[in-house]
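The values are calculated or read from the model by the stated rules, or taken from the named source; none is laboratory data. From a predicted model like this one, the values you see are computed outputs, not experimental measurements. Every residue, glycine among them, receives a Cβ derived from its backbone with ideal geometry; neighbour counts consider all protein chains shown.
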Amino acid sequence: MSDKGIVGIIVGSVVLAIITAAACMYIGPVYNVWAQGKAGEASLMKAEHEKKILIEQARAEVEAASLRAEAIEAVGKAAQEYPEYRTQEFIRSFGDALENDAIDKIIFVPTEANIPIVQAREDSN
């Protein structure tokens, strides 16, 4: 190769290096602004999504509270209209406790007119 060819390659390489450096100096800041904008959009979308989740949870809690209130009202009406309802509920709960081994011991207290009998009496027949 001649000296002109080598000088041309060197000059071309230097010009290419200068163009590459200038492009990097321009593209770097532009890319950083673009990346920060995308990161901000992602943060905003995440915040909006979390807000929607909280709103749906609050709606579900309101609906559940409303349904609980309706159930309490229904139980109250049943207890007023049917006095034996409470007794049946007690028997059901007692049966559930027995099935789940939640009761260790049963003590029977005899009553007369819902008053416990505390003394044994003898029949005088």
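Given the residues A35, A78, which is the only one that is in a helix (DSSP H, G or I), of a type outside the set (K, R) and touching a helix residue (DSSP H, G or I) at 6+ places or on another chain (Cβ under 9 Å)?
Numbers: A35 fails: touching a helix residue (DSSP H, G or I) at 6+ places or on another chain (Cβ under 9 Å).
From the options A35, A78, the qualifying one is A78.
Which residue out of I103, I117, I27 is modelled with pLDDT of 85 or more, β-branched (V, I, T) and surrounded by 10 or more Cβ atoms within 10 Å (Cβ to Cβ)?
Answer to the check: I27.
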